[in-house]
1. State the antiparallel share, in %, of DSSP beta bridges confined to the chain, rounding to the nearest 5.
2. Can you work out ³J(HN,Hα) from phi for every residue in the stretch 115-132, in order, using Karplus 6.51 cos²θ - 1.76 cosθ + 1.60 and θ = phi - 60°, giving whole Hz and x for Gly and Pro?
3. For the chain, what does -39500 (n - 2.57) per DSSP helix run (n ≥ 4), summed and divided by total residues, give at 222 nm, in deg cm²/dmol to the nearest 500?
4. Near K261, which lysines are there with a Cα under 29 Å away, not counting those fewer than 8 places off in the same chain?
5. Hey, how many Å between the Cα centroid of the stretch 25-64 and the Cα centroid of the stretch 129-144?
6. Any idea what angle helix 24-45 forms with the longest principal axis of the chain, computed on alpha-carbon atoms, 0 to 90 degrees, nearest 10?
7. Only counting other Cβ atoms within 10 Å, I'd like V225, V263, V38 sorted with the fewest neighbours first.
8. What number comes out for the charge environment of A92, summing +1 per Lys or Arg and -1 per Asp or Glu over other residues with Cβ under 12 Å away?
Amino acid sequence: MARIPSDLMSTSTLSRPEPLRQSTAELALHANRMRRDVIRMVHGAACGHPAGPLGMAEMMSALYFHEMAIDPQQPEHPLRDRFVLSNGHCCAALYSTLARRGYFPATDLAQFRKFGSHFQGHPHLGALPGIEMSTGSLGTGVSVAGGMALAAKLDGSPARIYAVTSDGESQEGQPWENATAAAHYGLGNLTLLLDWNGIQIDGRTKDVMNPGDIGAKYAAFGWQVIEVDGHDLASLLDALAQARTDEDRPCLIACRTKIGKGVSYMEDVPDFHGMAPNDEQAILALRELGDPNPETLDHSQASLWG
């Protein structure tokens with residue numbers, strides 16, 4: 001994150017963007033729309049990761065439509081909050097969120113993972129407005145978020161830094177280096193949301209490489225730790241508000257989630273971590289999510305993204 005000159009920081013004409021602070025009912029509608037977007041995006045590409053993004057919908061809705069101080073009309077505003085998707089393979093959730101927040105037209109989502117598209121299989125810095133960091137190599141995103149938080153603190157910036165990480169990503173060493181540094185430097189402006197669903201691409205996380213009690217480990221490093229139901233919007237908003245009250249400790253919001261949330265045959269099923277739904281499965285998913293045109297799978301039609 002570029003340093004903000006002190007004279008710019010004190011300029012009266014530079015006002016910080018305002019969070020939307022939408023209601024939980026509105027956030028639930030956004031989350032459901034994101035889930036429908038994810039199904040159409042991944043089905044249209046015939047590849048990608050659908051189940052993880054489905055499980056993150058409430059987290060993304062809470063961040064972008066209630067918590068974060070951002071302005072889609074000024075995506076490079078120096079006083080904006082930042083978001084890093086450290087588990088970058090779940091980018092379908094981020095792309096949908098940015099579109100629905102107004103960074104680019106929702107119809108562009110039909111380009112997901114298409115040849116030559118900016119909507120790559122992992123977020124790419126510079127390809128789209130609102131993308132703060134290229135991620136996908138697990139562990140790096142949380143470290144970059146920590147660096148952004150340290151830079152903001154040194155600059156005296158009011159910007160807060162948010163990142164989503166996962167229990168599978170916690171098997172890497174780099175997140176724990178960041179956990180040490182963030183506590184050492186007192187980065188109270190850093191909040192990580194842990195997508196704690198117990199599944200990774202090779203199966204159950206506890207069977208592949210058990211990370212144990214991740215919340216307890218962050219607490220041992222000196223973090224504020226809040227455990228919530230990651231699909232309970234009221235609990236998420238309370239946790240995000242609590243995270244803002246501690247100026248000296250970074251916060252981990254440990255979100256207990258279920259991959260594939262909202263689609264019956266995907267919920268808690270490891271296979272759909274990285275497998276696109278076929279036509280029949282996509283139609284069933286869209287029906288369950290209340291899509292008004294579930295049988296229409298020509299995703300190039302603009303009306304489907306309205």
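1. Working: 2 of 24 bridges.
Counting only bridges with both partners in the chain, antiparallel ones make up about 10 percent.
2. My calculation for the stretch 115-132 gives 4, x, 7, 6, 8, 6, x, 9, x, 10, 4, x, 7, 9, x, x, 7, 8 Hz in order.
3. Helix-only estimate at 222 nm: -10500 deg cm²/dmol.
4. K114, K206, K217
5. 19
6. Roughly 60 degrees, rounded to the nearest 10.
7. V225, V263, V38
8. Net of charged neighbours comes to +3.
Just so you know, all these numbers are worked out from the coordinates, no wet-lab data involved. Because the structure is a prediction, the values reported are computed rather than measured. Counting neighbours? That spans all protein chains shown, and the Cβs are built from the backbone with ideal geometry, glycine included.
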